[in-house]
Amino acid sequence: MADLEIIGVPFSNYVRSIRMLCEEKGVPYTLIPSRPHSDDVKAIHPAGQVPCLRHGDLTLFESKAIATYIDKAFGGPKLIPEDARGAALTEQWVSYGNAQVDRQVMREFVVPTAFADKEKGPDMARINAALPKIEQILGVLDKALAKDGHLVGGKLTFADINILPMLATFAGFPAGKEMLSKFANVTRFVSALTARDSFKNTAPPPRK
């Protein structure tokens, strides 16, 4: 069988979640480090976004589609449940993660904080506007995790893997760590999943 290639920068949360999926399933893959909008990426994704996948003559873009293919095409534990209920709930929480967690945590907090203009500094109005929305999102996740520490069916699924890199990144900022401490179930979730080999093995290299 042809080699599985994951295309994208290692510090991308979505690239990392796909790599974690492969690690959890024991699927060999090659990471092709390519920045968004590079020629290699634009050849697959119309918007030039990562991750992309190449497997033989198949190319895919969008992380949920890539995750679905890998989960169905390869052996190892199923991280997208096959039953209708589990599959739908996984889809629900992946969509919530992409529409809400990524939007508020990454786009409205992490990016303007970490990549602020060196002369102007962080856009504090934008960052402060995001914080109450993030707190509301963490409350939703905390309630969902209360029963058994996972979003779907009491076991690890791609729904968990999809949001983990986002939450772990948020926890790396003082304001993020302080806010997360208010939500015991989310805190336990992040602590448990960041201790897994799949998370450790996909750590991006230190930024220069």
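The values are calculated or read from the model by the stated rules, or taken from the named source; none is laboratory data. Please read all numbers here as calculations on a predicted model, not as lab measurements. Positions of Cβ are generated from backbone atoms using ideal geometry, with glycine treated the same way; all protein chains shown enter the neighbour counts.
When restricted to residues that are touching a Gly at 6+ places or on another chain (Cβ under 8 Å) and exposed (fewer than 15 other Cβ atoms within 10 Å of the Cβ), the stretch 101-159 contains 2.
Of the residues making up the stretch 106-120, those that are touching a helix residue (DSSP H, G or I) at 6+ places or on another chain (Cβ under 7 Å), more than 13 Å from TYR14 (Cβ to Cβ) and not polar (S, T, N, Q) number 4.
Given the structure, is VAL41 farther than 28 Å from ARG196 by Cα, surrounded by 19 or more Cβ atoms within 10 Å (Cβ to Cβ), touching a residue at least 12 places away in the same chain (Cβ under 8 Å) and aliphatic (A, V, I, L, M)? So VAL41 fits the description; yes. Here is the figure for the stretch 7-33: residues that are part of a loop (DSSP other than H, G, I, E, B), farther than 15 Å from LEU60 by Cα and either assigned by TED's automatic domain parsing to the domain that holds ASN98 or not β-branched (Val, Ile, Thr) (or both) total 6. Among all residue pairs at least 6 apart or on different chains, which show Cβ distances below 6 Å where the first residue, located in the stretch 154-182, is under 26 Å from LEU89 (Cα atoms) and the second is assigned to a loop (DSSP other than H, G, I, E, B)? Filtered contacts from the stretch 154-182: GLY154/ASP148; THR157/LEU79; PHE158/LEU79; PHE158/ILE80; ALA159/LEU151; ALA159/VAL152; ASP160/HIS150; ASP160/LEU151. Among the residues of the stretch 68-82, those that are among the charged types (D, E, K, R) and either in contact with a Gly (Cβ under 8 Å, 6 or more places away or on another chain) or farther than 11 Å from PHE158 by Cβ (or both) comprise LYS72, GLU82.
When you scan the stretch 101-110, do you find a residue that is closer than 26 Å to PHE183 by Cα and part of a loop (DSSP other than H, G, I, E, B), even just one? No: the stretch 101-110 contains no residue that is closer than 26 Å to PHE183 by Cα and part of a loop (DSSP other than H, G, I, E, B). The residues in the stretch 45-100 that are touching a helix residue (DSSP H, G or I) at 6+ places or on another chain (Cβ under 9 Å), in a helix (DSSP H, G or I) and crowded, with 16+ Cβ neighbours inside 10 Å can be counted, and the count is 16. Helices (runs of 4 or more DSSP H) fully within the stretch 139-208 that include at least 3 residues being small (Gly, Ala, Ser), within 16 Å of the chain's Cα centre (by Cα) and more than 25 Å from THR113 (Cα to Cα): none found.
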